[in-house]
């Protein structure tokens, strides 16, 4: 990690607020979708100086004052990897970084009439369908051959109903993705592409998902990052015969490998996984 700057050169609170608003909560590097603040409100980005804050820094300008160095016009927000990339002063001189900053911030500060018209037609699709609640999980229990006590069944019912309230708020594409991953995990559960472990999450190799879903690896990383945003999973690693490889981890629900069980239920009934992920119809488990 780069060293912390002296406090006298840190951006002021006003500059930080302006910078965050103009960033759209995204890394300023072209094409990067990394958020600068996570779902819990924690700042996870980095404040980057176009012209360095200290003499040893990249693109240091001795004619600037400290006030100018910490001014919002000399700052931009980036994720750590792209902050490192732009430390290459040959590839990223001052004019290029200023242009990069201006183009990024213009997306969120100067929308044209076409953009405004498009925004006017948008709506939050996550509130379009309300989840159905479960009461007994009787059909799930019978299909999977479980024999829980009344207390255990009641615990799972409460757990699932609380989960669906938060799951409704997750964007459709992320919900669909976790359903596809769960189905693939279930199909590959007896192979080395999957590691199942209650309480620590179930993992599947990115290389397997890439081939099975026919998507670019970058898309898997993007969606895997969104799983982390909504506390559904994250990008992780797995040890294999050829070394450590990237994997997608799906979180369990308080020790219950719910997503794998839903995939197993779908595989043994006529109920599609999209019934849960998109229609939010968990009541069919009763």
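Data for the structure
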| item | result |
| --- | --- |
| Residue within the range 49-66 that is at pLDDT 90 or above, part of a strand (DSSP E or B) and not assigned by TED's automatic domain parsing to the domain that holds residue 231 present | yes |
| Residue ID - surrounded by the most Cβ atoms within 10 Å (Cβ to Cβ), chosen from residues in the range 226-267 that are within 20 Å of the chain's Cα centre (by Cα) and part of a loop (DSSP other than H, G, I, E, B) | 232 |
| Condition broken by residue 204, with the remaining ones in (1) surrounded by fewer than 20 Cβ atoms within 10 Å (Cβ to Cβ); (2) touching a helix residue (DSSP H, G or I) at 6+ places or on another chain (Cβ under 9 Å); (3) not in a helix (DSSP H, G or I) satisfied | (1) |
| Residue among 180, 209, 223 that alone is touching a residue at least 40 places away in the same chain (Cβ under 8 Å), in a helix (DSSP H, G or I) and in contact with a strand residue (DSSP E or B) (Cβ under 9 Å, 6 or more places away or on another chain) | 223 |
| Lone unmet requirement of (1) closer than 15 Å to residue 276 by Cβ; (2) at pLDDT below 95; (3) surrounded by 13 or more Cβ atoms within 10 Å (Cβ to Cβ) for residue 185 | (2) |
| Scope the range 121-154; condition part of a helix (DSSP H, G or I) and closer than 18 Å to residue 259 by Cβ; matching residues | 139, 140, 141, 143, 144 |
| Verdict on residue 279 being surrounded by fewer than 21 Cβ atoms within 10 Å (Cβ to Cβ) and over 24 Å from residue 141 (Cα atoms) | no |
| Of residues in the range 37-48 being under 21 Å from residue 107 (Cα atoms) and touching a helix residue (DSSP H, G or I) at 6+ places or on another chain (Cβ under 6 Å), the one surrounded by the fewest Cβ atoms within 10 Å (Cβ to Cβ) | 46 |
| The lone exception for residue 215 - which of (1) more than 23 Å from residue 35 (Cα to Cα); (2) surrounded by 14 or more Cβ atoms within 10 Å (Cβ to Cβ) it fails | (1) |
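The values are calculated or read from the model by the stated rules, or taken from the named source; none is laboratory data. Just so you know, these numbers come straight off a predicted model, no measurement behind them. All Cβ positions, glycine included, derive from the backbone under ideal geometry; neighbour counts span all protein chains shown.
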